[in-house]
Amino acid sequence: MLSSYAITIGTIIVIQAIAVCGLNVIVGFAGQISLGHAAFFGIGAYTSAILTVKAGLSFWTALPIVIAIGGLIGLMLGLPSIRVREDFLAITTIGINFIVEALFRYIPFFGGALGIGGIPRIMLFDIRMKGIPFFFLCLFFLCIVILICWWFTRSWASLAFYAIREEETAASAMGISPVRFKLLAFVMGTSMAALSGSLYAHYMQFINAGDFSFPVSVGFLSMLVLGGIGTIWGPVIGTVILGVLPELFRPLVDYRILFYTLLLLVMIRFQPGGLLGEKSLVKNILSRTFKRC
Amino acid sequence: MFLEVKGLHVSYGDIEAVSGVDFYLEKGELVSIIGANGAGKTTILNCVMGIIPPKEGAIIFKGKEITGIPDFERARMGIRIVPERSRVFPRLTVYENLLTGFYRIRDREKFSERLSWLYEVFPVLRNRQGQLASTLSGGEQQQLSIARALISNPELLLVDEVSMGLMPKLVDQVFEILKRLNEEHGLTILLVEQNAYASLNISKRAYVLETGTCVLEGDAHELMSNPEVKEVYLGN
Ligand SMILES: Nc1ncnc2c1ncn2[C@@H]1O[C@H](COP(=O)(O)OP(=O)(O)OP(=O)(O)O)[C@@H](O)[C@H]1O
Ligand SMILES: [Mg+2]
């Protein structure tokens with residue numbers, strides 16, 4: 001019998017994995033750095049909370065709107081961001097994160113410092129989704145997101161993304177519009193973050209600006225970098241490991257942000273491909289071990 | 001006129017690399033621009049492709065001014081470039097590299113048709129289909145770059161220093177291919193070359209570029225017998 005504690009951890013991990021998959025589309029597929037992904041996670045959560053609590057919509061009616069708004073804001077913020085240089089993009093996305101968090105915190109419409117409470121649980125087949133059923137609902141959404149990412153890597157778009165990342169000028173002269181593809185990645189990635197945020201809101205039933213602060217973005221990026229940027233399963237593996245570790249070593253909880261940052265630096269220095277990426281030590285060791293068996 | 005470039009000025013910062021160049025191409029012509037290192041040949045080609053913006057001047061393609069149009073749209077209008085130093089996508093396979101050249105063209109049948117034609121022209125590419133482009137030799141990458149530009153069936157092909165890094169036999173072969181494309185398929189080609197002899201030999205007309213300005217122009221074979229050209233570019 002699974003304890004409710006384990007289910008809680010599992011559910012949060014699955015929800016976060018959805019956001020990290022979205023980040024992977026932006027960072028991994030399109031090669032655009034984003035240090036403000038939690039902003040879009042928050043936009044999804046707040047949009048769904050407001051639509052359900054204040055406008056009385058159901059989660060399901062709100063969902064397409066949430067995803068569309070997440071994508072639309074991603075598009076609006078992506079437009080100017082994409083034209084700036086990489087280091088500026090990092091700063092710009094951090095800025096976006098702080099601004100969005102501040103808006104949530106200081107504008108009364110978003111509940112101010114108190115946040116928004118009383119967010120209804122998701123109803124499915126007349127069942128209020130919580131515990132194990134909610135976990136599976138989230139897992140279902142994660143599967144869809146992974147499928148989309150997988151389809152993406154098989155499609156034309158991934159070829160275009162590869163071409164743009166490697167030789168942007170040559171790709172552009174081949175008829176591949178870099179701006180268009182980068183925006184596509186931004187829209188896909190931020191929509192996924194919004195979906196994840198929505199699930200988070202209806203799971204916690206209470207949200208607060210602090211849930212979507214900059215350290216959360218750093219966390220997402222650490223998970224992605226640990227698992228493997230640009231891979232299909234990397235975001236999931238990274239999220240699982242970083243979700244479970246602090247539960248096993250309690251002291252980590254207090255130093256979570258420090259741990260994330262250190263991990264990020266170490267990974268980028270020594271294993272930029274992540275656990276599942278190219279030249280991965282772990283993958284090498286595993287494949288060697290299996291060959292020997 | 002098929003392509004017309006008028007009063008082209010291009011600067012990199014304070015340095016003016018091209019200062020007032022005019023030239024044109026009729027449909028179906030093969031025209032060369034020859035000139036020494038740093039004369040501004042690559043700059044002109046990149047400007048026609050739309051990779052770099054001109055400071056002044058107009059580029060007119062098929063009667064339409066395209067000066068402000070970005071490169072990816074020019075590519076869709078049928079202009080393709082074989083860039084200097086090939087610029088293939090190193091971590092894509094040979095086949096995938098060719099696919100990128102076919103972007104936005106949905107006709108699968110056309111693709112396989114042109115692919116098998118290109119594999120016939122460049123047999124080495126067929127043998128290396130599944131190999132990463134980064135593992136090809138320089139000359140092979142050059143061939144891939146040509147094939148990638150040709151697969152879309154362009155109307156205007158811009159070729160920058162295609163002979164660079166190719167062995168003599170392949171140089172002849174590639175020039176032969178360009179000549180055939182021009183004569184048999186009516187492809188309009190603008191050729192930029194250090195290898196002045198080979199390029200003038202297959203060209204109808206040519207322009208001679210010296211530090212950003214055009215100093216001579218005319219029939220390619222007449223230019224070949226011009227004493228000045230002979231001395232400076234043909235080395236005899
Ligand atoms: N990106 C750049 N920034 C600054 N100057 C440049 C740049 N590209 C070219 N130049 C300068 O512009 C001039 C023309 O260069 P370009 O590459 O067009 O010459 P080229 O005729 O193609 O020479 P080559 O035969 O060596 O390829 C040169 O003096 C070069 O130094
Ligand atoms: Mg050049």
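The values are calculated or read from the model by the stated rules, or taken from the named source; none is laboratory data. Since the structure is predicted, the reported quantities are computational estimates derived from the model, not experimental observations. When we count neighbours, we look across all protein chains shown, and the Cβ atoms used for this are built from the backbone with ideal geometry, even at glycine. Surface accessibility is based on the protein's heavy atoms, side chains included, excluding ligands, DNA and RNA. Shrake-Rupley method; radii C 1.70, N 1.55, O 1.52, S 1.80 Å.
Report, in degrees rounded to the nearest 10, the 0 to 90 angle that the Cα long axis of helix B:168-185 makes with the longest principal axis of chain B. Rounded to the nearest ten degrees, it is 90. Other residues within the sphere of radius under 11 Å centred on the Cβ of residue B:11, judged by their own Cβ, net out at -2 (K and R +1, D and E -1). Remark: segment A:31-36, residue by residue, has Karplus-estimated 3J(HN,Hα) of x, 9, 6, 9, 10, x Hz, where x stands for each Gly or Pro and the curve is 6.51 cos²θ - 1.76 cosθ + 1.60 at θ = phi - 60°.
Helices assigned as whole DSSP H runs in chain A whose Cα atoms extend at least 15 Å along their own long axis and whose mean Kyte-Doolittle hydropathy is 1.0 or higher are found at A:4-24, A:59-82, A:131-154, A:214-227, A:234-248, A:256-270.
Of the accessible area of chain A, computed with a 1.4 Å probe over protein heavy atoms only, carbon and sulfur atoms account for 73 percent. Averaged over the residues of peptide B:83-92, the number of Cβ atoms from other protein chains lying within 10 Å of each residue's Cβ is 4. Can you flag which of B:204/B:230; B:179/B:204; B:41/B:110 are past 22 Å Cα-Cα? From B:204/B:230; B:179/B:204; B:41/B:110, over 22 Å: B:41/B:110.
Peptide A:159-171 shows a mean partner chain C-beta count of 6 within 10 Å per residue C-beta. Interface of B with A. Using a 1.4 Å probe and counting protein heavy atoms only, the two chains hide about 1900 Å² of accessible surface, both sides summed.
In terms of packing, defined here as the mean over residues of other Cβ atoms within 10 angstrom, the peptides A:215-222, A:204-211, B:72-79, B:178-185 line up highest first as A:215-222, B:72-79, A:204-211, B:178-185. Bridge orientation summary for chain B: considering DSSP beta bridges with both residues in this region, about 55 percent are antiparallel. Proximity of backbone amide H atoms, modeled 1.01 Å from N, is registered between residue B:81 and B:158 at under 5 Å, excluding neighbours fewer than 5 places apart on the same chain.
Each label was represented as a point 7 Å from its Cα along the Cα-to-Cβ direction; for residue A:143 and residue A:124 these points are 1.0 nm apart. Proximity of backbone amide H atoms, modeled 1.01 Å from N, is registered between residue B:18 and B:10 at under 5 Å, excluding neighbours fewer than 5 places apart on the same chain. The mean count of C-beta atoms from other chains within 10 Å of the C-beta of residues in B:66-76, rounded to a whole number, is 4. DSSP beta bridges fully contained in the protein assembly as shown are about 55 percent antiparallel. For the protein assembly as shown, report the % of Cα-Cα distances exceeding 45 Å. Of all Cα-Cα pairs in the protein assembly as shown, 30 percent lie more than 45 Å apart.
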